Every structure is written in structure tokens, then in C-alpha cells.
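J.: One structure, pasted below without further comment.
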Ligand SMILES: Cc1cc2nc3c(=O)[nH]c(=O)nc-3n(C[C@H](O)[C@H](O)[C@H](O)COP(=O)(O)OP(=O)(O)OC[C@H]3O[C@@H](n4cnc5c(N)ncnc54)[C@H](O)[C@@H]3O)c2cc1C
């Protein structure tokens, strides 16, 4: 007798939920619904970088990834140039990371989300649907929504971001597994390319090149996006006293104190002027999930920031979410009935959690190095040259085909053990 389709709910329509939905609509024995709390699908913030591993993973999911990225206005980063922004060697080139053959891209967040949502059938997308509670009802899972309605599913996948309710169901409410400040704040601002050229300097915009400025207490980055019309300027710094509401006004005092040792260098003054001009910018605390004991409980699991919110220092949060989607799509396409969901989610947990944790820990330490806080390295150009570039190796070298195979073997082993 043929099995009924497996009813899967995705909670959250950010990059993780939307990408996962693309992976799961291809699975013929899955009936999918995606619930987003906001009245429409939106991405806040400016640009997002996708490293080569993230692009390879996305290519497994989107039928025409290249066209989708082109439509989203993605700009290929031909190189990243890392320079010292403060200290006695200020202005020294640390290294150029050439993107030859394998470049990262930078893309406007909202445009990327729009293109990822585009292939999805409208009838599976539900907005203004905020999950308030998950209840187990016999073999079924009941989702209760804030609007008083409820629906039943066989599986729930939480893609509901860093303050995820689904995460609370999976790992419990204990404080140690909740998101917490990572020790940095940052501020992002988007300005027209011509303005950036005139204030920061023409010489920094001759190529589509991302610049990162390492210095005492802080890091500055700028890159070109939106089909070479805009520049994103990001300032990140060490945070000692995280505000409770995770944000503070970006004042002249905050910037001059943060960059007190940078002011003789080539970059800080121009960037400070650019950031003070709008008058209302905020600096946001970076939060992360320091530890997560499990990504799955029974027929419920978590993906994206709900599972592994990380600091942005290695530009890998969205990349991890896309990899999650590839693995879950692969596993669910290889199960036949809802009874196998627990094994699929356990296998997902087994292959994805070590990688998520490694990125979180590596990213935090990378932030400390780029803000000159690593005692051994400091702002020594030779040590930075030797130790920084290799930190991306384990992220970019992921063989997504092998990773899928590992996940499948893990699931088959779990299924065999369950039968024995
Ligand atoms: C400053 C910054 C810079 C970054 N830069 C990069 C980068 O360059 N490269 C990179 O790969 N990553 C980067 N990241 C990380 C990346 O942005 C995130 O990892 C990624 O966007 C997470 O997507 P998500 O869908 O998991 O979460 P979110 O984008 O938070 O989406 C969650 C969705 O769930 C919805 N939701 C929440 N609660 C509920 C509920 N109860 N019911 C229904 N819906 C709900 C929300 O409305 C939202 O739409 C950066 C992150 C930050 C903070």
C-alpha cells in the first residue's frame, strides 16, 4: 500500500526557510507549507556575502542559480584586500585573497530572498502566521499560531531565526542554550559608489574588490554591490558592555573612542564622516549561539540561525543555512514514510552540528584577531599574513556531495539500528 505524503511545516521565511522550501518542494512525497510571521517576506539589512561553498550548495537547490544571482544583482568579488588600518604599520598590505576561479559574491539581501522565493508555488507560502506553540497530539504535531488558528503536521522545521521558538522546543529554555552577546558590535551603511569614492578615495574602488582594514579594537570593511552602484561600509568593534536591547546610537563619541588609535591612518577619518552623516545610525551587538546540544527532537528540527547563529566575521551564517537545506532535502528525499523522520533528523544533527559549532567558534576568534585582540598575533603584519587566510579553509573546502553521502549513510545506519 502506498504511504500518505509526509506533511512538513517550515517556520520562518528568511533565507534559511526559503532555501529549504526550494529543496523540499522537489521531494514528491512531501506536502510542504511555509509560515512566516511578518505580513510579507522581507530581509532587513544591506548585503550578504556568499562564499564559494555556499554558492555550490545553492547550485544544488536552485534550478538556475546563476540567472537567479544575476537577477539579484550579485557582484563577484574578484579579490579581498586586507590592509592594516592602525598602528605603526598602518597602510601595509597584509594580503590579497584572489578569487581566481572560485570567487565569493556579494548580493543585496532583499533581492536574494526575492529570487529564492520566486520558484515557490504561492499556495505553500503563508504570511502573518506566527507560531506560538508546538504541541504533540498522538503521532501528530500541532502548530498553534498567534492568530488563534492551528494546523497539524508530521514534521516541523524551525527556520525562525536567532530567537527561535522552535529552538526552545528542541533544546529547552535553559539560558546556556540561548543566544548571547559575542563581544562585538557593528554598524552597516549603504552609500552611492560615487560618494564613497570621493570620501574614502578613488584608489580603493578601481576593482570590484572587498577591502578589510584590521586595527586596534575594530575592523572596517567596504565592498561594492548592486551592480556596481552602491558601496556597503561596515564598521565592527570590540564590545565590553552589551546594551540590553542590543543596540546603541552611533555617536561621534563612540566612533572617536573606538578609532582613537586609527586617526593618523588612511581610512578611519573618511569612514567616520560617512557614518555620521545620516545622523541616526545605530551600532548593533553581535549575538551568537554558543552551544547547542541537539538540532533535532523527534520530528522537529532547526536550521539556519535557529540552529547555529554565528557572528558575521567569516561571512558564513547564510552559507550554513543553505548547506542545511541541501542535507535535509537529500535526507527527506530518501525516506519513504513519516516513521523515518526521526532517523533523518538525527542524521541531519550528526553531520551538521559539528560544522555549525566549528564555524561559530572560529568566527568569534577571527573577529578577535581582526580587531587586533589576539595576544600572540596583535597587529604584526607577518603573523597576520601567516595566520589569517587559512581560517576560511575548512569552510570553503566542504565537499557538498561527500557531505550528502555522509548524511545518507548516517541515516541508513540509524534506520538499521532501529530495526535490529
Ligand atoms: C550583520 C550580519 C552580517 C552577516 N553577513 C553574512 C554574510 O556576509 N554571509 C553569510 O553567509 N551570512 C551572513 N550573516 C548571517 C546571515 O544573515 C544569517 O545567517 C541568515 O540570514 C539567517 O537566515 P535565517 O533564515 O536562519 O534567519 P532570519 O533571517 O532571522 O529569518 C527568520 C525568519 O523567521 C521569521 N520568524 C521568526 N519567528 C517566527 C515565528 N514564531 N513564526 C513564524 N515566523 C517566524 C522571521 O520573521 C524571519 O523572516 C550575517 C549576519 C549578520 C547579523
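The values are calculated or read from the model by the stated rules, or taken from the named source; none is laboratory data. A quick note: this is a predicted structure, and the numbers were derived from the prediction, not measured. Methodologically, a virtual Cβ is constructed for each residue, glycine included, from the backbone with ideal geometry; neighbour enumeration extends over all protein chains shown.
J.: Take residue 203 and tell me if it is touching a strand residue (DSSP E or B) at 6+ places or on another chain (Cβ under 6 Å), within 30 Å of residue 69 (Cα to Cα) and not in a loop (DSSP other than H, G, I, E, B). Spell out how you get there, then give the answer.
T.: Details: touching a strand residue (DSSP E or B) at 6+ places or on another chain (Cβ under 6 Å): no; within 30 Å of residue 69 (Cα to Cα): yes; not in a loop (DSSP other than H, G, I, E, B): yes.
Taking the combined requirement at face value, the residue does not satisfy it.
J.: When you go through 194, 176 one by one, which is the residue that is outside any loop (DSSP other than H, G, I, E, B), touching a residue at least 24 places away in the same chain (Cβ under 8 Å) and surrounded by fewer than 16 Cβ atoms within 10 Å (Cβ to Cβ)?
T.: Values: 194 fails: touching a residue at least 24 places away in the same chain (Cβ under 8 Å).
Just a single option satisfies the conditions, and that option is 176.
J.: Scan 83, 106 and give me the residue that is touching a strand residue (DSSP E or B) at 6+ places or on another chain (Cβ under 7 Å), within 13 Å of the ligand (Cβ to nearest atom) and farther than 25 Å from residue 328 by Cβ.
T.: Working: 83 fails: within 13 Å of the ligand (Cβ to nearest atom).
Being touching a strand residue (DSSP E or B) at 6+ places or on another chain (Cβ under 7 Å), within 13 Å of the ligand (Cβ to nearest atom) and farther than 25 Å from residue 328 by Cβ holds for just one of 83, 106, which is 106.
J.: OK, next. Identify all residues within region 27-52 that are at pLDDT below 95 and either over 20 Å from residue 227 (Cα atoms) or more than 17 Å from the chain's Cα centre (by Cα) (or both); write none if there are none. Before you say what the answer is, go through the steps one by one.
T.: Start the filter on region 27-52 by keeping residues that are at pLDDT below 95, which leaves 42-52.
Passing the criteria: only 42.
J.: Considering each of 23, 18 in turn, give the residue that is part of a helix (DSSP H, G or I) and near the ligand (Cβ under 9 Å from one of its atoms). Don't jump to the end; show me each part of the working.
T.: On the way: 23 fails: near the ligand (Cβ under 9 Å from one of its atoms).
Criteria check complete, one pass: 18.
J.: Can you list residue pairs whose Cβ atoms sit under 7 Å apart, with the first residue in region 36-51 being farther than 16 Å from residue 10 by Cβ and the second being part of a loop (DSSP other than H, G, I, E, B) and more than 6 Å from the ligand (Cβ to nearest atom)? Count only pairs 6 or more apart in sequence or on different chains.
T.: Final answer for the pair search is 39/127; 39/128; 40/127.
J.: Sticking with this one: Could you go through region 157-168 and let me know if any residue there is away from the ligand (no atom under 11 Å from the Cβ) and loosely packed, with under 15 Cβ neighbours inside 10 Å.
T.: Taking every residue of region 157-168 in turn, none turns out to be away from the ligand (no atom under 11 Å from the Cβ) and loosely packed, with under 15 Cβ neighbours inside 10 Å.
J.: Something else: Output the number of the condition that residue 320 fails; it satisfies all remaining conditions of (1) in contact with a helix residue (DSSP H, G or I) (Cβ under 8 Å, 6 or more places away or on another chain); (2) outside any helix (DSSP H, G or I).
T.: Going through (1) in contact with a helix residue (DSSP H, G or I) (Cβ under 8 Å, 6 or more places away or on another chain); (2) outside any helix (DSSP H, G or I) one by one, residue 320 breaks only (2).
J.: Name the pairs: first residue in region 272-288 and closer than 30 Å to residue 361 by Cβ and touching a residue at least 24 places away in the same chain (Cβ under 8 Å), second residue within 16 Å of the ligand (Cβ to nearest atom) and part of a helix (DSSP H, G or I), Cβ to Cβ under 8 Å, at least 6 apart or on different chains?
T.: 281/275; 286/312; 286/367; 288/360; 288/363; 288/364
J.: Go through region 278-310 and count every residue that is more than 8 Å from the ligand (Cβ to nearest atom), surrounded by 20 or more Cβ atoms within 10 Å (Cβ to Cβ) and either part of a loop (DSSP other than H, G, I, E, B) or at pLDDT below 95 (or both).
T.: Looking only at that region, the number is 4.
J.: Residues that are over 29 Å from residue 315 (Cα atoms) and in contact (Cβ under 8 Å) with a residue 24 or more places away in the chain, at least 1 per element: which strands (runs of 3 or more DSSP E) completely within region 70-161 meet that? Steps first, answer last, please.
T.: Working: elements: 75-77, 79-84, 93-98, 104-108, 131-137, 140-145, 150-153, 155-158.
Answer list for region 70-161: 131-137, 140-145, 150-153, 155-158.
J.: Right, another one. Look through region 30-61, keep the residues that are touching a strand residue (DSSP E or B) at 6+ places or on another chain (Cβ under 6 Å) and in a loop (DSSP other than H, G, I, E, B), and return whichever of them is farthest from the ligand (Cβ to nearest atom).
T.: 46
J.: Go through region 6-15 and give me each residue that's more than 12 Å from the ligand (Cβ to nearest atom) and surrounded by 24 or more Cβ atoms within 10 Å (Cβ to Cβ). So that I can check it myself, show each step before the final result.
T.: The initial filter retains those residues of region 6-15 that are more than 12 Å from the ligand (Cβ to nearest atom), namely 6-8.
Within region 6-15, 6, 8 meet the criteria.
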